[in-house]
Amino acid sequence: MKNPQKKKQKSSPQDYITNWMIERVEKIYPEFGDMPMCPYARKARLDGKVKLLWISANEDDGNCWTHIINCDFKKTDVLILIADRKRWTWRQLYKIRLEMNKVLNPKNITVLEDHPDYRETVVGVTVTNGRYALLFAQRRDKLNRFAQILKKTSDYYKNWSTKSYDDVVTWREDHQ
């Protein structure tokens with residue numbers, strides 16, 4: 001009997017990002033005080049409060065704004081917009097994040113970005129997903145509250161450089 005080869009099924013962008021969350025973002029790291037890269041990601045994912053949306057090449061960039069503004073952040077902890085890495089350069093994505101935060105921070109929404117062509121590390125741990133351009137939208141007050149809890153109750157930020165802490169946390173606190 002022949003051994004039929006199974007066709008390798010291509011995973012969707014949403015599946016890839018979910019898998020990245022499980023295998024990397026939710027993994028325990030000694031560099032983060034024996035905590036996950038994002039200590040709140042697993043619970044949000046398991047509670048169904050992570051919304052993953054694919055932004056197709058045909059969609060206008062304005063749809064990213066629309067998805068974020070129309071997201072119900074009472075039911076969603078994080079909205080992750082996923083796009084092909086070639087849609088924007090990492091510099092363009094960074095500028096989009098800055099533009100969005102100028103408008104959305106006063107509305108209590110913070111946007112973060114991740115691009116595979118910008119290999120971001122925090123305390124020596126690579127935090128980029130490696131495949132897609134991502135925009136993360138979350139409630140700013142909740143992010144800041146959780147950051148303060150981590151700062152006061154754990155060694156999570158113990159190994160962080162001032163630059164990493166400022167890039168990830170301080171700038172959000174300045175926009176309250």
Checked the stretch 98-112 for anything surrounded by 18 or more Cβ atoms within 10 Å (Cβ to Cβ) and either in a helix (DSSP H, G or I) or in contact with a Pro (Cβ under 8 Å, 6 or more places away or on another chain) (or both); matches are 100, 101, 104
Looking at residue 165, is it surrounded by 14 or more Cβ atoms within 10 Å (Cβ to Cβ) and either over 15 Å from the mean Cα position of the chain (by Cα) or of a type in the set (Gly, Ala, Ser) (or both)? yes
With (1) modelled with pLDDT under 90; (2) surrounded by 16 or more Cβ atoms within 10 Å (Cβ to Cβ); (3) under 29 Å from residue 56 (Cα atoms); (4) more than 13 Å from the chain's Cα centre (by Cα) as the list, and residue 87 as the residue in question, which single condition is left unmet? (1)
When both residues are 6+ apart or on different chains and their Cβ atoms are under 7 Å apart, which pairs have a first residue that lies in the stretch 76-97 and is on the phi < 0 side of the Ramachandran plot, and a second that is assigned to a loop (DSSP other than H, G, I, E, B) and buried (at least 21 other Cβ atoms within 10 Å of the Cβ)? 85/115; 90/115; 93/115
Answer residue from the stretch 50-78, given it is among the charged types (D, E, K, R) and crowded, with 17+ Cβ neighbours inside 10 Å and is nearest to residue 155 (Cα to Cα) among those: 77
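The values are calculated or read from the model by the stated rules, or taken from the named source; none is laboratory data. This structure is a prediction, so every number in the text was calculated from the model and none was measured. Backbone-built Cβ (ideal geometry, glycine too); neighbour counts: all protein chains shown.
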